[in-house]
1. Could you order peptides 259-267, 223-231 by the average number of other Cβ atoms within 10 Å of their residues, highest first?
2. Hey, which of these cross-link pairs are over 28 Å Cα-Cα: Lys150/Lys441; Lys75/Lys434; Lys75/Lys283; Lys75/Lys408?
3. How big is the dipole moment of the range 383-448 about its Cα centre under a simple scheme where the beta carbon of each Lys and Arg is +1, that of each Asp and Glu is -1, and everything else is neutral? Debye, nearest 20, please.
4. By the scheme Lys and Arg +1, Asp and Glu -1, what is the net charge of all other residues having a beta-carbon under 14 Å from that of Asp375?
5. So what is the accessible area of the range 75-114 per residue, in Å², with the probe set to 1.4 Å?
6. From the P(r) of the range 368-429, could you give the percentage of C-alpha pairs in the tail past 19 Å?
7. Among Phe183, Ile233, Gly194, which residue has its Cα furthest toward the positive end of the charge dipole of the range 175-247, with +1 on Lys/Arg Cβ and -1 on Asp/Glu Cβ?
8. Scan around Ala385 for amide H atoms under 5 Å from its own, H built in the peptide plane at 1.01 Å from N, and keep only partners 5 or more places away or cross-chain.
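The values are calculated or read from the model by the stated rules, or taken from the named source; none is laboratory data. All of these numbers come straight from a predicted model, not from anything done at the bench. Cβ coordinates were reconstructed from backbone atoms using ideal geometry, including for glycine residues, and neighbour counts include every protein chain displayed. What goes into the accessible areas is simple: the full protein's heavy atoms, side chains included, and nothing from ligands, DNA or RNA. Shrake-Rupley method; radii C 1.70, N 1.55, O 1.52, S 1.80 Å.
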Amino acid sequence: METSNLAPLFVERTNELLTRIAGIKKASILHQREVHQAAMQATKKLLTEAVLHIERIERGAPHFNVFHALGIVRKELVQSRFLAFLLLPMAEHGQNTLFLNSFLAAIGLPHVDAAFSKDVQVQTELSIGAGGRLDIVLKGPSFLVAIENKVDAGEQEEQLPRYRTWLDSDCHGSECKHRELVFLTPSGYDAETGNGLEYRRMSYLELGSIFESVVEDVGTDAAAVRFSVEQYITACRMVSLGMSAMTKIDPELLALLTSPEHLATALELQNQMAVIRDDAAQKFADQVVTFLNQQLIAAEVNQDWIAERQNNWDTAVQIRPARLTEGRRSYFLVASGIVMANGKGWFGWRWPQKLFDYRQPSSVAEAELAKRMTDADGGKTDGEAIWFKGLRGGVGAYDSTSSDDMVKVIEDNRKEDHPLAKAIANELSEVFFKWKDEIVKLPSFLAT
């Protein structure tokens, strides 16, 4: 066949192919629209059913938790004391060895017979001389257990090795055959000072499960004890998951969300809500920065100071010297997080140092200023800041894990005057303008 005769055929075949491709694209677009509409309908149906269910259970105050209400969920000393109370058989809970034996079983130790319950001793904040102070010490007929409780604080130098040395010493007598060191933390992470050391990791989630396994065995005549333990179990979950408010899993809502009909939609909603939370938190922090820069401009100090977010991915806000040269550090006013998990936000004047370097006042001028600041405004001095205190009058940051707090943040973003963001900006700027001149006078203001 000649080449000239092939040309029309090639054109014909090409047109057919292009027509098919166009049809496929059109069908694909229609399919995508159908999928999107189906997803939207499924989402609306799930949300409608979930809202109706939540409205029904809200009347029973499922979010109430006495530990949360008192602001002590993450207080290590309170947590240690309540745990010690449960582990002591002769305590006022009246459950003898119920809680103790559940804990001992979890760490692989034999149970204590009720006849020997009086021989069990539990102490908190026990001083062991140069070795430090143990959060909880549990001593029984044949065992000695030391519990180091870490909720938010970091480890001290050689902390676990010091405790292990004390546990293994001969001063406890040969009857203590079982000696355990328990490192209790929110997630059960490895101890920084535990390399090559014999100790047991335990998370707060595991701790809550230990008591959940026996709470049903609390007698009906001890309703107050059962309620208190259930509240403590929930508090343990809060600590473990980094949440300030949480309820026990609602079986009906769980069944609704995980049903074959709704599971994929629920998971996609979870992903989308995570994006929405992050975006709302960052917009809120950006608005705080906007207000701060407006105040710096109004005070005509914007050539010397600038407000900004510390990182593009979090909500820490700072006011720093505007003309820092590369490699130099200085004091700066910082809010550790405007919106963050747990809501543990603080603000204050940080030392001129690298992140995670810690120090204390190294000059008379620094020490005197730190004292004047704490005397005037409360707060504290520590290795990170010459002065700091809790954000929002001690309440802390807005909690990114709290539905109530995130609703407030999102609503504030929608308002023209942004009253909540402005309140935080005013709190920061008040301290900034009050102390900036004193900070600048310090010899260490611009540190190399």
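1. Ranking the peptides 259-267, 223-231 by packing returns 223-231, 259-267.
2. In this structure, Lys150/Lys441; Lys75/Lys434; Lys75/Lys283 lie more than 28 Å apart at Cα.
3. I would put it at about 220 debye.
4. +2
5. 42
6. 45
7. Going by the Cα projections, it comes out as Gly194.
8. Trp351
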